[in-house]
Amino acid sequence: GLGFNIVGGTDQQYISNDNSIYVSRIKKDGAAYLDGRLQEGDKILSVNGRDLKDLRHKDAVELFRNAGYDVSLKIQRRLQPQNGPVGHRDDGESGGLPLAAFLVPGLVLTAAAVWILLRYRQRM
């Protein structure tokens, strides 16, 4: 295979009111991974010159399966991340919490401790 999974289509819209086909996952050590140009979240506009607009999901999958050895993809890079299944991690990378999840409460606790300390010193 080509080494990636897709989502979308007229019958399985990934984004509301959008029938486009998107890359949902790049398989580690697959052809797309080794090539390095395709990214999860990319919108695939065409395969070997064949427009993917308004196709059912299974018809898009069939186009990829029959694409042959030399495959030409026209893609549109996603500029901003969106909610959805994009971003599956199989390469040992953990999802984890964003750094702000730790920094913000830490800053609030520090500010509260400083305020309490200052108030306590004023009473002495």
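Descriptive notes on the structure:
- The residue that is nearest to ILE75 (Cα to Cα), counting only those in segment 12-26 that are part of a loop (DSSP other than H, G, I, E, B) and out of contact with any helix residue (DSSP H, G or I) (no Cβ under 6 Å at 6 or more places or on another chain), is SER20.
- For segment 42-56, the set of residues classified as buried (at least 18 other Cβ atoms within 10 Å of the Cβ) and assigned to a loop (DSSP other than H, G, I, E, B) consists of ASP42, LEU52, LEU55, listed by residue number.
- Within segment 32-41, restricting attention to residues that are open to solvent by less than 70 Å² (accessible area, probe 1.4 Å) and over 11 Å from ILE6 (Cα atoms), the residue that is nearest to the chain's Cα centre (by Cα) is LEU38.
- The condition (being open to solvent by 90 Å² or more (accessible area, probe 1.4 Å), out of contact with any strand residue (DSSP E or B) (no Cβ under 8 Å at 6 or more places or on another chain), over 13 Å from PHE4 (Cα atoms) and among the charged types (D, E, K, R)) is satisfied by just one residue among ASP70, ASP59, ASP29: ASP70.
The values are calculated or read from the model by the stated rules, or taken from the named source; none is laboratory data. What you are looking at is a predicted structure, and each value in this text was computed from that prediction instead of being measured. Because the Cβ atoms are built from the backbone with ideal geometry, glycine has one as well, and the counts that use them run over all protein chains shown. Calculation scope for accessible area: heavy atoms of the full protein, side chains included, ligands and nucleic acids excluded. Shrake-Rupley method; radii C 1.70, N 1.55, O 1.52, S 1.80 Å.
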